[in-house]
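Novice: First the structure, then my questions, so here it is.
Read-outs throughout are calculated quantities, based only on the coordinates presented, and are distinct from any laboratory measurement. Just so we're clear, the structure is a prediction, and the values are computed from it rather than from any experiment. Reconstructed Cβ throughout: ideal geometry from the backbone, glycine too, with neighbour counts over all protein chains shown.
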Amino acid sequence: MQKREKNQKPLSIIINFIMIIIATISILPFILMFVMSTQDNQMIFSGVTFRLGNALHDNFRTILEADYFRSVLNSLIVAVSSTVLTVLFSAMAGFAFAKYNFKHKNLLFQIVLMTMMVPMEVGLVAFAWEMRILHLSKTFLPLILPNIANAFGVFWMTQYMKDAFPYELVESGRIDGCNDMGVFIRLVLPIIRPAIFTLSIISFLQSWNSYLLPMIMINNPKMYTVPLVIASIGNMFVANYGARMLGVVIGILPIILLFVIFSKQITEGLAAGAVKG
């Protein structure tokens, strides 16, 4: 036993060393991004990589002139709304697919999975036309509505709920006087909390980082989201890369904060989903 432990110790040291190298390489882009946010274009293109510049104040003033913090609020409205609706409808659909038997259930579930193979860009023109016909193009709804029908969310919740609790729990809830919605809210939601946390983070990131859909649907600069404002910083001939990097640094802060606060729940949800899936 002791010999086996001695043989494993060098291997453990090597693995830890490799992990440290990988972690260092992974964090370098973030360090470089922060450094570039303090530089101007001339310093960036001069090849000075890891030296702080003196343009942080000018870059911050540039993003203020671009109404950057309004875009942060816009992105929060879109991302939070999309996340809440995605989790709600995905959980309800997953509950139905996992615990109910109805006609053509398997066929419907296969159709849902097939939609994951269709790129969003395929129906983007038709969707934009539909939103304009419904007079919704001047609102945030075109950025929120597509996330409600989230095929991955339905798949994730269905796979998680299949083994998360027995069907007898649903029956016991009905015996106690709950209808289907009461069973879902009072019994199911507390049990699937890890899956909800994980899907919430994934949905929030997807909506927060979305660029193509807002670029096509949003024409009013006051409704720009964070990616659109970052892309618009500068003039028509030269982009202000230092100010853009500062916008990116500020833009990733909510994401980092989410991971710091909910890292345990996200890990539990991913681990449980992997086992149940």
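Novice: For the stretch 159-184, what are the residues that are touching a residue at least 12 places away in the same chain (Cβ under 8 Å) and among the hydrophobic types (A, V, I, L, M, F, W, C)? Break it down into steps so the answer makes sense when it comes.
Specialist: Of all residues in the stretch 159-184, those touching a residue at least 12 places away in the same chain (Cβ under 8 Å) come to 159-165, 167, 169-170, 173, 183-184.
Correct list: Met161, Ala164, Phe165, Leu169, Val170, Val183, Phe184.
One line per residue, one yes/no per condition, for (1) aromatic (Phe, Trp, Tyr); (2) over 23 Å from Val226 (Cα atoms); (3) in contact with a strand residue (DSSP E or B) (Cβ under 8 Å, 6 or more places away or on another chain):
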site	(1), (2), (3)
Gly123	no, yes, no
Trp129	yes, yes, no
Leu136	no, no, no
Thr139	no, no, no
Gly153	no, yes, no
Leu169	no, yes, no
Cys178	no, yes, no
Val183	no, yes, no
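Novice: Let me ask something else about it. Would you check if there is a residue in the stretch 63-85 being surrounded by 13 or more Cβ atoms within 10 Å (Cβ to Cβ), among the charged types (D, E, K, R) and over 28 Å from Val229 (Cβ atoms)?
Specialist: Looking through the stretch 63-85, none of the residues is surrounded by 13 or more Cβ atoms within 10 Å (Cβ to Cβ), among the charged types (D, E, K, R) and over 28 Å from Val229 (Cβ atoms).
Novice: Something else about it: If a residue must be among the polar types (S, T, N, Q), closer than 30 Å to Lys222 by Cβ and over 15 Å from the mean Cα position of the chain (by Cα), how many such residues does the stretch 77-107 contain?
Specialist: First, the residues of the stretch 77-107 that are among the polar types (S, T, N, Q): 81-83, 86, 90, 101, 106.
From what is left, the residues that are closer than 30 Å to Lys222 by Cβ are 81-83, 86.
Restricting the remaining residues to those that are over 15 Å from the mean Cα position of the chain (by Cα) gives none.
Counting residues in the stretch 77-107 that are among the polar types (S, T, N, Q), closer than 30 Å to Lys222 by Cβ and over 15 Å from the mean Cα position of the chain (by Cα) gives 0.
Matching residues to (1) over 29 Å from the mean Cα position of the chain (by Cα); (2) among the aromatic types (Phe, Trp, Tyr):
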{"residue": "Ile13", "(1), (2)": "yes, no"}
{"residue": "Asn16", "(1), (2)": "yes, no"}
{"residue": "Met19", "(1), (2)": "no, no"}
{"residue": "Ile22", "(1), (2)": "no, no"}
{"residue": "Ile27", "(1), (2)": "no, no"}
{"residue": "Ile31", "(1), (2)": "no, no"}
{"residue": "Phe34", "(1), (2)": "no, yes"}
{"residue": "Thr38", "(1), (2)": "no, no"}
